[in-house]
Every structure is written in structure tokens, then in C-alpha cells.
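The values are calculated or read from the model by the stated rules, or taken from the named source; none is laboratory data. Fair warning: this is a prediction, and the values are worked out from it, not measured in the lab. Here the Cβ is made from the backbone with ideal geometry for all residues, glycine too, and neighbour counts use every protein chain on show. Protein only, heavy atoms only, side chains kept; ligands, DNA and RNA dropped before computing areas. Shrake-Rupley method; radii C 1.70, N 1.55, O 1.52, S 1.80 Å.
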Amino acid sequence: MFIIASDHGGLELKEAVKQCLRKRGIDVRDQGTINSDSVDYPDFGEKVARAVSGGEAEKGILICGTGIGMSIVANKFPGVRAALISDDFTARMSKEHNNANIIVMGGRTSSAEQACRMVEIWLDAAFEGGRHQARLDKIARIEQELSRQN
Ligand code: RB5
């Protein structure tokens, strides 16, 4: 199951991305926001990142105005690899090198057409493993060390 959320700055793009996912036959759970009222992106980033971190959702998509705030929130959660993507290249790299389980986009920086293409590229790309897996293992080790200290 896929999960998606945005703040007001990403609402319009979220609706467009949902349509693209559904056209591809992907079941996506929308965690809001539901209208253009100003909301706080951490509240929505948390919903998606918690679900991916806990294994309740396989993959997530987060959208705020720039994607920056959502990235900061999502990467606080253990096991989350949230990648802020802005073009075809970063979309592909986010899977091939980083095996991102959440992608983050900016509603004020990416068009609907670009966002849908980036989602397709991310889904179709394959993680390369090898040296990239070793790097992800290092990140996981850092996470474990930090959680033991707390
Ligand atoms: C909201 O105005 C804006 O700050 C938010 O959408 C996001 O861009 C934060 O990083």
C-alpha cells in the first residue's frame, strides 16, 4: 500500500499525483491535507513517515511547498529514506542509489506533469545494491547507535 500526504503548499500537486498512481493501478491512502487552509507540514509528514517506518505502508509520497520541510520531518523516522527529488535524474538516483522508500516533491517547484514523470521513474527504477547497500547499512547502524543513546 502507498501512502501520500501534503500541506496546503502541496495540495494541488498531491491531487494530480494521486490520479497518476491510480491510473497505474496503485492503491494510495491519502492522509490529507484536504483543503487550502494553512496547516503545519510536520503533522502530515509524520503520518506518512510513521506508516512507512512501522511497515504499515510500503512506500510514501510527501509534498509541501518546496519539499524541504517534509524531507526534514520524514528523515527523523527510523528506516525512512526520504529523498527530495526535482527532476528525472534525481528521481532515478533516489531509487538506484538510495533506495528511497519516500519521495518528496515541491508543490511550488514541480509541475504536475513533471511530478507524475518523476513518480513513474522512481517506481520503474531498480536499486543497484552493492556499494550502495553498504552505505545504507552504515546509515542503519548510525540510527541504531543514536536510538541506544536516547
Ligand atoms: C508553507 O508555506 C511552506 O513553508 C511549506 O509548504 C514548505 O515549503 C516547508 O518546507
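Of all residues in the stretch 72-116, those satisfying the criterion of being of a type in the set (Ser, Thr, Tyr) and more than 21 Å from Glu143 (Cα to Cα) are Ser86, Thr90, Thr109, Ser110, Ser111. Looking only at the stretch 80-93, residues that are away from the ligand (no atom under 16 Å from the Cβ) and either open to solvent by 20 Å² or more (accessible area, probe 1.4 Å) or outside any loop (DSSP other than H, G, I, E, B) (or both) come to 8 in all.
Listed here are the helices (runs of 4 or more DSSP H) enclosed by the stretch 4-79 that have at least 2 residues being surrounded by fewer than 22 Cβ atoms within 10 Å (Cβ to Cβ) and more than 9 Å from the ligand (Cβ to nearest atom): 11-23, 41-53. If I filter the stretch 2-21 for residues that are more than 23 Å from Arg117 (Cβ to Cβ), under 16 Å from the mean Cα position of the chain (by Cα), modelled with pLDDT of 95 or more and of a type outside the set (Phe, Trp, Tyr), do I get at least one hit? No, every residue in the stretch 2-21 fails to be more than 23 Å from Arg117 (Cβ to Cβ), under 16 Å from the mean Cα position of the chain (by Cα), modelled with pLDDT of 95 or more and of a type outside the set (Phe, Trp, Tyr).
Just one of the listed residues (Val80, Val52, Val48) is within 11 Å of the chain's Cα centre (by Cα) and over 19 Å from Gln133 (Cβ atoms), namely Val48. For Ala100, indicate whether it is open to solvent by less than 30 Å² (accessible area, probe 1.4 Å), within 16 Å of the ligand (Cβ to nearest atom) and touching a helix residue (DSSP H, G or I) at 6+ places or on another chain (Cβ under 6 Å). Here the answer is no, as Ala100 does not meet what is asked.
Note on the stretch 104-150: residues that are crowded, with 16+ Cβ neighbours inside 10 Å, assigned to a helix (DSSP H, G or I) and of a type in the set (Val, Ile, Thr) total 2.
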